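Below is one structure, written out as structure tokens; the observations come after it.
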Amino acid sequence: MSLFLPKSGGRFDPSLLGNEIRITHKFGTVNDSSRPVPEEEFQQWSMRFTQLIQQHWEGKYSFRRQNQTVVPKFIQIFEDDEKKMSDAHFVIRVRDGKGGNELVSSKPAQMFEDLKEKGMYFPMASTLAAGSVLPTDSSGLIGDTLWKWIPFYVDTFGGVMKPQTKAHVASIARQVAGAQAGLTVYVTGYGNYKTSSINEVSTVLRASGLLNVQTRTSKKFLNPGNWGKSSQSRASGRTDYVKISIKDDINVSTLKTTPVYTYPAAVVHEFGHMLGLKDEYACLSEKSANQLVKLDFIDASEKNLYLNNPGTRTETPEVQEEQKQFIKYCRKAGVEPTVFGKYTTSIMSAGSEFRPCHFVTIWAALVHLSGFDDWTIV
Ligand SMILES: [Zn+2]
């Protein structure tokens, strides 16, 4: 097996064959000895894995350059003979039971720990469950989070949102629209550029599927208590901002039956880690936030809005660095990075929505193989 190591983590073997980029993984599979999967089910498990990856990862995005379009195709080779696993990308230990505690690690698989000590190539460790190939329900996580988004305060700069903020607003809108497209959403503008700010924000909301977006400008000057003061964003303290609010509660009862609000199966998400993608429900690290500022995805004054989401996981230094590298790939590939620190409908958070940013590590492999860096993800 050959090897491509994205700077954001994961590993795979890419090859470019005409208009196809083949992403091959070799997996050693081990039936867990303390919680073994019945043999027949263990054999079917890898087939189910392959079906799910094809069904969900293929046909979503491709890569275009001049007149050429390259389509990603995913191939998995499974090896259950331990003597033939030392060149695998990952060794997956499959244990009986439900999903929910899956692991895709950058550490060596247990049986190959000695290879690391000798400074040699080693397969990485992964633990998945028999239930990881079955449908899941993570809609509750997304539903609970939806409430906390709103009211949402958006900073604008000369009437314009920074790219990451724009992506954030679009993400909220897609999630609300998926639950209730007709919900009345108010967009209120404040500050010197309120008319252009309102236009900018409401255009994104409508383009993301919300059907009933109403715009208004602040009437705060009518309140004698506010005379002579400019209104300030409750999130950032800035005076040029937009508030997104709603009149009625969001009806989240439909989320459970709307596929985008849950993983198709846990392995579809775990496979993203094997491609070098990070958990998006985990916090954005300080390092990554600084990178967002440096690449002008956000303004320096917005940094704190993207950090420290209560109740969400803080990553290890290694993963923080990989998160930063992921953001750099996004800039190079010309796509928005995703929203971190919240349960969203994104496949790398808690749903089944694929975004162009989920293909940046394959983009990096394509750049490496083709010698051209002007591919776009379409
Ligand atoms: Zn994960």
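Per-structure values
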{"quantity": "Residue in the range 365-373 that is more than 14 Å from the chain's Cα centre (by Cα), more than 25 Å from ILE53 (Cβ to Cβ) and not small (Gly, Ala, Ser) present", "calculated": "yes"}
{"quantity": "Hey, ASP279 assigned by TED's automatic domain parsing to the domain that holds PHE74, within 30 Å of SER233 (Cα to Cα), away from the ligand (no atom under 14 Å from the Cβ) and not in a helix (DSSP H, G or I) or not", "calculated": "no"}
{"quantity": "Any chance GLY341 is at positive phi, of a type in the set (Gly, Ala, Ser) and within 12 Å of the chain's Cα centre (by Cα)", "calculated": "yes"}
{"quantity": "Any hit, the range 178-188, residues being within 16 Å of the ligand (Cβ to nearest atom), surrounded by fewer than 21 Cβ atoms within 10 Å (Cβ to Cβ) and not aromatic (Phe, Trp, Tyr)", "calculated": "no"}
{"quantity": "Breaking point among (1) surrounded by 22 or more Cβ atoms within 10 Å (Cβ to Cβ); (2) within 13 Å of the ligand (Cβ to nearest atom), for LYS342", "calculated": "(2)"}
{"quantity": "Boolean, VAL169 is outside any helix (DSSP H, G or I), under 18 Å from ASP299 (Cα atoms), in contact with a strand residue (DSSP E or B) (Cβ under 7 Å, 6 or more places away or on another chain) and in contact (Cβ under 8 Å) with a residue 24 or more places away in the chain", "calculated": "no"}
{"quantity": "Selection from the range 102-120 of residues that are within 18 Å of ASP81 (Cα to Cα), within 30 Å of the chain's Cα centre (by Cα) and of a type outside the set (A, V, I, L, M)", "calculated": "PRO108, GLN110"}
{"quantity": "Residues being surrounded by fewer than 20 Cβ atoms within 10 Å (Cβ to Cβ) and touching a residue at least 40 places away in the same chain (Cβ under 8 Å) - total across the range 92-103", "calculated": "5"}
{"quantity": "Any hit, the range 293-314, residues being within 16 Å of the ligand (Cβ to nearest atom) and outside any loop (DSSP other than H, G, I, E, B)", "calculated": "no"}
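This table checks each residue for (1) out of contact with any Gly (no Cβ under 7 Å at 6 or more places or on another chain); (2) surrounded by fewer than 21 Cβ atoms within 10 Å (Cβ to Cβ); (3) in a loop (DSSP other than H, G, I, E, B); (4) at pLDDT below 95.
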{"position": "ASP249", "(1), (2), (3), (4)": "yes, yes, yes, yes"}
{"position": "VAL252", "(1), (2), (3), (4)": "no, yes, yes, yes"}
{"position": "LYS256", "(1), (2), (3), (4)": "yes, yes, no, yes"}
{"position": "PRO264", "(1), (2), (3), (4)": "yes, yes, yes, yes"}
{"position": "ALA289", "(1), (2), (3), (4)": "yes, no, no, yes"}
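The values are calculated or read from the model by the stated rules, or taken from the named source; none is laboratory data. Model, not experiment: these values are computed from the prediction. Backbone-built Cβ (ideal geometry, glycine too); neighbour counts: all protein chains shown.
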